[in-house]
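> Here you go, one structure.
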Amino acid sequence: MSKSAKTPSKNKSKTASKARPGPRPKPASAPELDRAALLRIADALERLTPQPNATTDFAAADAFIWQAKSRTLQPVPRVNRVDMVLLKGIDRMRDTLMENTERFARGLPANNALLWGARGMGKSSLVKAAHAAVNAGPGKGKLKLIEIHREDIESLPDLMAMVRPAAYRFIVFCDDLSFDADDTSYKSLKAVLEGGIEGRPENVILYATSNRRHLLSRDMMENERSTAINPGETVEEKVSLSDRFGLWLGFHRCSQDEFLAMVEGYVAHFKIPIAADDLRQEALEWATTRGSRSGRVAWQYVQDLAGRLGVRIS
């Protein structure tokens, strides 16, 4: 056979040897996760999972603060409050709220209350004083005060679920309640007040204070009217929240005589030694420099007076 005839055979053999597949590589085994990494993942998932509500000892205190993040109630050993006898110039509001609170404490029908109006006129002080006064009467210790912060309103249904089975009665109190234009958390409050399937528990009543009668600023309501396709419906949606408080108590700026009566009441209660004429002159001058007359301004003046005269007040 000629060389020319053998050449193709050799080339074919070489090609075949090159095309023959070699042994397949073993698939790489999946890397095993480190135990520490698994523990870190488990811890992260546990932090993201809502924790079960801790059992609350309601007998531990008369007042609590709702901690929304942990879904727990923090006992308050000593409530910062003013005695009822020191609240001057708000007699009608005082009597109305006291009557409502007493009915609720006895298990009778009572209304949620919205205390609105001028700043510093004793709205939150009246709520705390009414709780203390009623709780000191028959059935002492059965009425509990729970404060919920404005920013935690969305967690209100969880708080209701916690206190619903308790043997006590609860005033849930939100101080300085109001809502901004884009804030929708008021819907959680609406559902609790009225309208939800479960509704408000029989052993819970809600008291709120606000500088705004409808919990919205006037310019927000005007903007709603001017920009909405159907302004009436839009405004009604937001104003309906305040309508769900059955009891409205309005607080207005006090007169000069009422302001002086507040100051004199504090001075007499704490036995601060000062002549009546000097007290009147100083108190009016203090109110003038502050540009306002209110219970808060009266208390601030009395604190200054007691400090100057070396009298301890508590």
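The values are calculated or read from the model by the stated rules, or taken from the named source; none is laboratory data. Just so it is clear, the structure is predicted and the values come from calculations on it, not from any experiment. Cβ coordinates were reconstructed from backbone atoms using ideal geometry, including for glycine residues, and neighbour counts include every protein chain displayed.
> Would a scan of the stretch 174-194 turn up a residue that is modelled with pLDDT of 90 or more, surrounded by 14 or more Cβ atoms within 10 Å (Cβ to Cβ) and not assigned by TED's automatic domain parsing to the domain that holds Asp304?
yes
> For the stretch 1-106, which fully contained helices (runs of 4 or more DSSP H) count at least 1 residues that are modelled with pLDDT of 90 or more?
91-105
> Among the candidates Arg106, Arg92, Arg78, Arg164, single out the residue that is farther than 24 Å from Ala59 by Cα, assigned by TED's automatic domain parsing to the domain that holds Arg200 and surrounded by fewer than 16 Cβ atoms within 10 Å (Cβ to Cβ).
On inspection, the qualifying residue turns out to be Arg92.
> Next question, about the same structure. Exactly one condition in (1) aliphatic (A, V, I, L, M); (2) at pLDDT 70 or above; (3) not in a strand (DSSP E or B) is false for Leu206; which is it?
(3)
> With Gly307, Gly250, Gly295 as the choices, which residue is in contact with a Cys (Cβ under 8 Å, 6 or more places away or on another chain) and either modelled with pLDDT under 95 or loosely packed, with under 15 Cβ neighbours inside 10 Å (or both)?
Criteria check complete, one pass: Gly295.
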